[in-house]
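Inspection log for the structure reproduced underneath, given as structure tokens.
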């Protein structure tokens, strides 16, 4: 992999990435400078002044851009994403970043319809740039905190609507979907898990079974900063929507989710058959395995 870059302050700004992998891992440093910025349209397909963005004598001539890009691992020191960095990356699925993102431009993820995960190399209670990242995506998006002990969150899609009152030429702004309110559940730069969990009751009114199961399973696996009452709410929902919960776990090949659902004393025969039909024998084994009996303890009366 090679990069086309320029100095910016004490750091480096990457303008283009060249290579043969659709899942590039960007360098932490370039010529001793920490990588702190990604330039505008860095991964978008485009040309400048009729020419390419990389030196013509470069050995790597394949741009990692557009529909070629699937996953990107950003450097720890990265602080700035300029506008339209991932514009029209239709196959982009996952973006992994460090905790230091501060400034995001516009149209970062425009037309990134396959994007489903932000992964942050940070503790779940750390201050990060997550709120800004979430503000750039109104579609369904999952979040993974990779720092111990780990946490998973799911933010459903929301829509912003402008309705014009024609005679008065007044526009009424409205927002549909609980996902917007959930994206505001932060205390400074850190996730406010209590506020996030408090949105679940209202989400049950308007969100789909799949969305609510994703929220519940994410918070229970692992249960970071989860109160007893919130745990009870999530488990209650999964118990009442077992079929949807098992379907989601099986579609994701999520063994931990299967074990959790089986631990809620839900009937597993149909789910095990679903695993078999999907060709996932490991899942069926988890559901049908019987717990080992404790060894019989004998005392004097037994003799």
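The values are calculated or read from the model by the stated rules, or taken from the named source; none is laboratory data. Just so we're clear, the structure is a prediction, and the values are computed from it rather than from any experiment. Ideal geometry is used to build each Cβ from the backbone, glycine not excepted, and the neighbour counts take in all protein chains shown.
Of all residue pairs spaced 6 or more apart or on separate chains, those with beta-carbon atoms under 8 Å, a first member in the stretch 12-28 that is at positive phi and without any contact (Cβ under 8 Å) to a residue 60 or more places away in the chain and a second member that is part of a loop (DSSP other than H, G, I, E, B) and surrounded by fewer than 21 Cβ atoms within 10 Å (Cβ to Cβ) are 19/1; 19/60; 19/62.
Suppose we filter 239, 247 for residues that are in contact with a helix residue (DSSP H, G or I) (Cβ under 8 Å, 6 or more places away or on another chain), under 30 Å from residue 193 (Cα atoms) and in a helix (DSSP H, G or I); which single one remains? Outline the logic, then answer.
Values: 239 fails: in contact with a helix residue (DSSP H, G or I) (Cβ under 8 Å, 6 or more places away or on another chain).
After ruling out the rest, the residue left standing is 247.
Among the residues of this structure, residue 86 counts as one that is buried (at least 17 other Cβ atoms within 10 Å of the Cβ) and either under 11 Å from the mean Cα position of the chain (by Cα) or closer than 20 Å to residue 27 by Cα (or both).
Just one of (1) surrounded by 12 or more Cβ atoms within 10 Å (Cβ to Cβ); (2) modelled with pLDDT under 95; (3) part of a loop (DSSP other than H, G, I, E, B) trips up residue 223, so point out which. Tallying (1) surrounded by 12 or more Cβ atoms within 10 Å (Cβ to Cβ); (2) modelled with pLDDT under 95; (3) part of a loop (DSSP other than H, G, I, E, B), residue 223 fails exactly one: (2). Search the stretch 174-189 for residues that are at pLDDT below 90 and pair each with any residue that is surrounded by 13 or more Cβ atoms within 10 Å (Cβ to Cβ) and part of a loop (DSSP other than H, G, I, E, B) when their beta-carbon atoms are under 8 Å apart and the residues are at least 6 apart or on different chains. Matching pairs, first to second residue: 175/158; 176/158; 177/156; 177/157; 177/158; 177/207.
Within the stretch 138-150, residues that are at positive phi and in contact (Cβ under 8 Å) with a residue 40 or more places away in the chain sit with their Cβ atoms under 9 Å from residues that are crowded, with 16+ Cβ neighbours inside 10 Å and not in a loop (DSSP other than H, G, I, E, B), at 6+ positions apart or across chains, in these pairs: 150/144.
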